[in-house]
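These notes concern the structure reproduced below.
Every number in this text was worked out from the coordinates using simple rules, so none of it is lab data. Remember, predicted model here, so these are calculated numbers, not experimental data. Please note: Cβ atoms are built from the backbone with ideal geometry, for glycine as well, and neighbour counts cover all protein chains shown.
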DNA sequence: TTTATATATGAAAAAAATTTCATATAATAA
DNA sequence: TTATTATATGAAATTTTTTTCATATATAAA
């Protein structure tokens, strides 16, 4: 059973794609700029951007040989809500020792 | 690099856990009731609940041999925001043919 | 019209998440 | 006590997602 919820989380619920959305919150950026800013490998970034585009979180336009990405206003709002929540609950979230417990150092 | 964002999405960004949070939006429920309502297999549900608990999205209390789960008000708000967004963009999201393209029937 | 730059694509490899399964525990009832 | 119900745990199997890699395309510059 696949519904919109799955697509939403597939696109949205990922660290790098969320970072991309946050970066695009302030300003339009082309792929190369995102790459430098976020230190994501070129092909990964390209895959992530495609995913975000397909789920309509962002839009693109061409300019010379660059492709300039822009976040949609609705996406921006949602990203801000979620960011606020994460910030507020940071300490609790970091205490989660179920998932990624080794990395979190709490066995 | 693991930060609060990862923990947030690990717990929140999953279909079944999101369904659990939605069910708990209306009323407190024990594990058995959630199981019936959502048709999630017992051990899976238990793992999911543990994950949600650890990331502080929900709370539990004991009552006899049952464990009654309750969503936190802040989580509820966020779930509502996200639900609204998913509903609004449902058609776009369903058109996403990058992820899960076979299941979506659009090759 | 070749070369360089910016970005995209697709398949295979690797990593991570989810599911399954066998079993454990805790509380109540018989 | 022993049995039963409700739920949790941990490890192995499976599935899904992410990353890597090799290559393609499109635009502009030389």
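The table below lists the values:
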item	result
Projected label distance in nm at residue A:83 and residue B:38, using a 7 Å step from Cα toward the beta-carbon	2.9
Semi-axis lengths (Å, descending) of the ellipsoid that matches the C-alpha gyration tensor of the protein assembly as shown	33, 20, 15
10 Å Cβ neighbours from other chains, averaged over peptide B:87-93	6
At 7 Å out from Cα toward Cβ: residue A:15 inter-copy label distances (nm, ascending)	2.5
Approximate spin-label separation residue A:63-residue B:63, in nm, with each point projected 7 Å along Cα-to-Cβ	5.8
Extension gain (nm, one decimal) between residue A:47 and residue A:92, 0.36 nm per residue minus Cα-Cα	13.1 nm
Mean separation of Cα contacts under 8 Å (6+ apart) over length of region B:4-104, as relative contact order %	26
Packing rank of B:5-18, B:43-56, where each peptide gets the mean count of other beta carbons within 10 Å, highest leading	B:5-18, B:43-56
For region B:1-69 and region A:1-41, distance of Cα centres in Å	26
For residue A:80, inter-copy label distances in nm, listed shortest first [label point 7 Å out on the Cα-Cβ vector]	1.9
Nm distances between copies for residue A:42, ranked from closest, using label points 7 Å along Cα→Cβ	5.4
For A:72, B:36, order by how many other beta-carbon atoms lie within 10 Å, fewest first	B:36, A:72
If the convex hull is drawn through the Cα atoms of region B:4-104, its volume per residue in Å³	119
Computed [θ] at 222 nm, helices only, for chain A once each DSSP H run of length n ≥ 4 contributes -39500 (n - 2.57)	-18500 deg cm²/dmol
